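One structure is given here, and the rest of the page talks about it.
Read-outs: derived from the displayed coordinates by stated rules, not from any lab. Everything quoted here is computed from the prediction, not taken from an experiment. Ideal geometry is used to build each Cβ from the backbone, glycine not excepted, and the neighbour counts take in all protein chains shown.
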Amino acid sequence: MSEPFIRLVGVQKVYRVRGAEFPAVSEATFDIEQGELVSLVGPSGCGKTTLLKIIAGLHSYDAGELRIGTQTQPFDPSRDIGMVFQQPLLLKWRRIVDNVLLPAEILGLPLAESRERARDLLRLVGLSGSEEKYPYELSGGMQQRAAIARALVHDPKLILMDEPFGALDALTREKMNLELLRIWQESGKTILFITHGITEAVFLGTRVIVLTAGPARMADNFRVNLPHPRTLDMKTHEAFGEYTRRIYNLLGMN
Amino acid sequence: MDIYRNSIQRYSIAVFSHLMLIVAWHLFVTLGNVPKFVMPSPYATLQALLEPNYRWPENIMVTTIEIFGGYFLAVIGGIGLALLFSWFRIFEMITMPLLVSLNMVPKVALGPLILVWFSYGIGPNIAMAFAISFFPIVLTTARGLQEVEPDLLDLVRSVRGSRWQLFAKIQLPGALPYIFSGMKVAAILAVAGAIVGEFLGSSRGLGYLMLQVQVTLDTAAMFMAVILITLIGMVLYGIVLGLERLLVVRDARI
């Protein structure tokens, strides 16, 4: 096995509030291979968002080791990260295509090419025809698709998603899960996907990392051996149920 | 076009209700035999314009300059100060509490002081219009510049966006709706400020004219002056509204 794209060894983050120390992330140790879609699942307060921000380079950490990139796949922290959040956070005053362009503009990439790429990406996420619309003309699910296109526009190697479908209704959410799998397979990106949806974590992930809260720590890390492309009826399969049961047990919900 | 027809319909109704008010006014005065010095008829009010001694064009001009001048200074000063707040936190921390207190000062009460400092004329009345319309612009603009979604901030930081990029691409355009809501309130206040200034001390302007004709009980001229002041205010408000439509996407307007 070649070296992994991302390696965390004993990463730890402590918050200090009035002298007392609270571990936000402790002993996070896992590898992510190039092209994987890894689900990070856990209850609120388990430190999953903190961990994501550490990987994004937005938060510091107090102990441990974090390395991203390999000899063959070098990682440039300033332009190899795409982020998607729970809210689409589109700029209300920009047309969809211009919203998608934002990271490219900030990075100073050639605008004509980026615009072309933005249009291609909007096609990829199923939004062709909405390029010139304003965000308010789109439904929540469609806005989130645009946010995914925005995360891809500067062609980053790593996409970090923080509960991106958490604010959508259940049906739209299932649809977006399928869409995300398709986009992931077509783009070949490495994706770290944070969720507190246990079935969502299993359904999407090539691997699932489970975090528990109080105290925050990493509880499990396993491969999901379900074939690709995934279909919704897999959720009724015995193997799928075993994976979700495993997580429920870890989170003490059984 | 349906939308087009709708807006024509809406404007026709607005014109109609204004005409109805004038008709009702006319009927009230003629049928009720109201004496002219209590309430002149619409026709008599219009006739007041024919009195050359009242120097309508000059007085209209003076009041317009006072309102627009004070308002313009308030917009420049208000937005400028709010920008300084957002750039220099320490400056905001020192000045903002002061501003909140000063905002509570009834600006009208400053009139006699302004007269002492600047004597009377157009200048002090511009100062009055400025003083009264300045605060809502600073406060709403400062508020708007603060309103940046933390996740959006992370998105910009993840591609190492500069502070200037954050300001130019997100903060300032995001604050525009707030700026305009402050500017709309201020437009109404600027009119009041200029007129109060003229009441307190001046030798020209519609407010000054009102005090002159009050002595001779020429109520028709007073009515006319009030109508003209209102019209000046409406023109200013209309310009601000037009700018808002031009610069702020419909969904973002507040």
Point to revise | Separation in nanometres of the label points that stand 7 Å from Cα toward Cβ, at A:Q71 and A:A239 | key: 3.4 nm
Study note, to complete from the structure: Among the DSSP H helices of chain B, those whose Cα atoms extend at least 18 Å along the helix axis and whose mean Kyte-Doolittle hydropathy is -0.5 or higher are B:2-31, B:56-87, B:89-104, B:122-146, B:172-200, B:219-247
Revision key, fill the gap. In terms of the charge dipole of the protein assembly as shown, which places +1 on Lys and Arg and -1 on Asp and Glu at the beta carbon, the residue among A:P43, B:P57, A:V25 farthest towards the positive end is B:P57
**Study point:** A:T190 long-range amide H proximity, modeled H, under 5 Å
**Key:** A:G35, A:I159
Review point. Counting only other chains, what is the mean number of Cβ atoms within 10 angstrom of the Cβ of each residue in peptide A:91-100?
Key: 3
Exercise for review: Considering the options B:S203, A:H237, B:S101, tell which one lies farthest towards the positive end of the dipole of the protein assembly as shown, charges being +1 on Lys and Arg and -1 on Asp and Glu at the Cβ, about the Cα centre.
Suggested key: B:S203
Point to revise | Net dipole in debye of segment A:115-205 [+1 Lys, Arg Cβ; -1 Asp, Glu Cβ; about Cα centre; nearest 20] | key: 220 debye
Practice item. Quick one: which residues, 5 or more positions from A:A24 or on another chain, have an amide H under 5 Å from its amide H? H modelled 1.01 Å from N in the peptide plane, none for Pro or chain starts. Key: A:K13, A:V14, A:Y15
**Study point:** Percent RCO, i.e. relative contact order, over segment B:112-254, from Cα pairs under 8 Å lying at least 6 residues apart
**Key:** 30 percent
Exercise for review: Give me a single rounded figure for B:166-174: the average over its residues of other chain Cβ atoms within 10 Å of their Cβ.
Suggested key: 2
Review point. Which of B:Y208, B:Y120, B:Y71 comes first, and how do the rest follow, when ranked by fewest Cβ neighbours within 10 Å?
Key: B:Y120, B:Y208, B:Y71
Check your understanding: Given labels modelled 7 Å from the Cα in the Cβ direction, how far is it in nm from A:S60 to B:L84?
Key -> 3.3 nm
Exercise for review: Report the one residue of B:S41, B:N125, B:V75 whose Cα lies farthest in the direction of the positive end of the charge dipole of segment B:38-252 (charges on C-beta: Lys and Arg +1, Asp and Glu -1; origin at the Cα centre).
Suggested key: B:V75
Review point. Just how large is the dipole of the protein assembly as shown about the Cα centre, in debye to the nearest 20, putting +1 at every Lys and Arg Cβ and -1 at every Asp and Glu Cβ?
Key: 320 debye
Practice item. Treat each spin label as a single point 7 Å out from the Cα along the C-beta direction, and report the B:M104 to B:M39 distance in nm. Key: 4.0 nm
Exercise for review: With +1 on each Lys and Arg Cβ and -1 on each Asp and Glu Cβ, and nothing else charged, work out how big the dipole of chain A is about its Cα centre, in Debye to the nearest 20.
Suggested key: 380 debye
Check your understanding: Who wins for biggest fluctuation among A:T172, A:T244, A:T199 in a Gaussian network model of chain A, springs between alpha carbons below 10 Å?
Key -> A:T172
Point to revise | Extension reserve of the B:L46-B:T216 stretch, reckoned as 0.36 nm per residue once the Cα distance is removed | key: 59.4 nm
Point to revise | Estimated FRET transfer efficiency when R0 is 30 angstrom, pair A:S44-A:R123 (beta carbons, to 0.05) | key: 0.25
Review point. For peptide A:154-161, how many partner chain Cβ atoms fall within 10 Å of a residue's Cβ, on average?
Key: 1
Study note, to complete from the structure: Relative to chain A, whose Cα atoms define the longest principal axis, helix A:111-124 and its Cα axis are tilted in degrees, nearest 10, by 70 degrees
